[in-house]
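Down below is the structure, laid out as structure tokens.
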Amino acid sequence: GERSGRTRYVPSQADVAVFEAISAPPPADLCHALRWYNHIRSYQSEKSSLPGVKKPLGQYGPPGVADTTSGSAPTTAKDEDDDDIDLFGSDEEEDAEATRLKEERLAAYAAKKAKKPAVIAKSSILLDVKPWDDETDMAKLEECVRSIQMDGLVWGQSKLVPVGYGIKKLQINCVVEDDKVGTDILEEKITEFEDFVQSMDVAAFNKI
């Protein structure tokens with residue numbers, strides 16, 4: 001029959017089916033297989049005219065064993081074959097799922113880290129703003145001070161503190177971001193209101 005075709009010098013379609021199923025030449029230690037492979041390869045141009053009827057590879061196996069390489073196998077064998085594929089598939093799916101979960105966790109961690117604001121160094125400063133005399137409009141003086149707006153500056157509570165001779169100074173608190181606002185710029189801005197302000201001093205300075 002066709003199977004004996006592998007032992008004769010002229011290959012049959014059985015040889016072609018096996019040859020096409022092999023993706024690379026057999027290793028050198030399988031010298032008979034390698035010799036056969038090279039022999040069949042020499043017939044490449046005329047393989048369609050070789051004797052025999054080419055069948056699916058599985059049908060050249062032992063008699064009575066179902067062919068699992070084609071759709072002509074009995075239903076039961078096909079079902080079992082599908083089950084095997086499903087089992088392997090589920091392993092791959094589990095690996096993919098595990099990889100996806102790992103990537104999601106890493107992404108979530110990175111996002112959380114990115115959202116976490118860097119620690120901003122801040123200071124609480126208590127300023128003493130002194131007027132020229134007892135006739136200075138202190139309400140207007142405070143209004144001028146609070147009108148100073150800068151990124152990183154927040155004005156807080158204030159009060160008027162007597163300094164003698166009927167004169168009161170404005171004591172006002174502010175919170176500043178150290179990188180953006182310093183006492184020098186505050187003094188410069190406040191003393192610009194020279195109609196009301198004689199001087200500015202730092203009464204207290206605390207890191208937050």
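The values are calculated or read from the model by the stated rules, or taken from the named source; none is laboratory data. Fair warning: this is a prediction, and the values are worked out from it, not measured in the lab. Cβ atoms come from the backbone with ideal geometry, glycine included; neighbour counts cover every protein chain shown. Calculation scope for accessible area: heavy atoms of the full protein, side chains included, ligands and nucleic acids excluded. Shrake-Rupley method; radii C 1.70, N 1.55, O 1.52, S 1.80 Å.
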*Entries in Lys140/Lys180; Lys169/Lys207; Lys140/Lys189; Lys115/Lys207; Lys140/Lys207; Lys122/Lys169 that, when Cα-Cα distance is taken, lie over 21 Å*: Lys140/Lys180; Lys169/Lys207; Lys115/Lys207; Lys140/Lys207; Lys122/Lys169
*Point-to-point label distance, Asp184-Arg105, nm (Cα→Cβ direction, 7 Å offset)*: 5.1
*Phi-based couplings in Hz for the range 174-188 (Karplus 6.51, -1.76, 1.60; Gly and Pro marked x)*: 8, 10, 10, 8, 4, 6, 10, 10, x, 5, 4, 5, 5, 4, 4
*What FRET efficiency, computed as 1/(1 + (r/R0)^6) with R0 = 41 Å and r the Cβ-Cβ distance, is obtained for Ser199 and Ile120, rounded to the nearest 0.05?*
0.85
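Quote the FRET efficiency, to the nearest 0.05, computed for Asp151 versus Gln171 with a Förster distance R0 of 25 Å and r equal to the Cβ-Cβ distance. Let's see the in-between values first.
Working: r = 24 Å, r/R0 = 0.97.
After rounding to 0.05, the efficiency reads 0.55.
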*Can you list the residues, at least 5 places off or on another chain, whose amide H is less than 5 Å from the amide H of Ser199, using H built in the peptide plane?*
Lys130
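Given a 1.4 angstrom probe, what's the average accessible area per residue across the range 107-208, in square angstrom? Walk me through the intermediate numbers first.
Numbers: 6730 Å² over 102 residues.
Spelled out: the 1.4 Å probe surface of the range 107-208, per residue, equals 66 Å².
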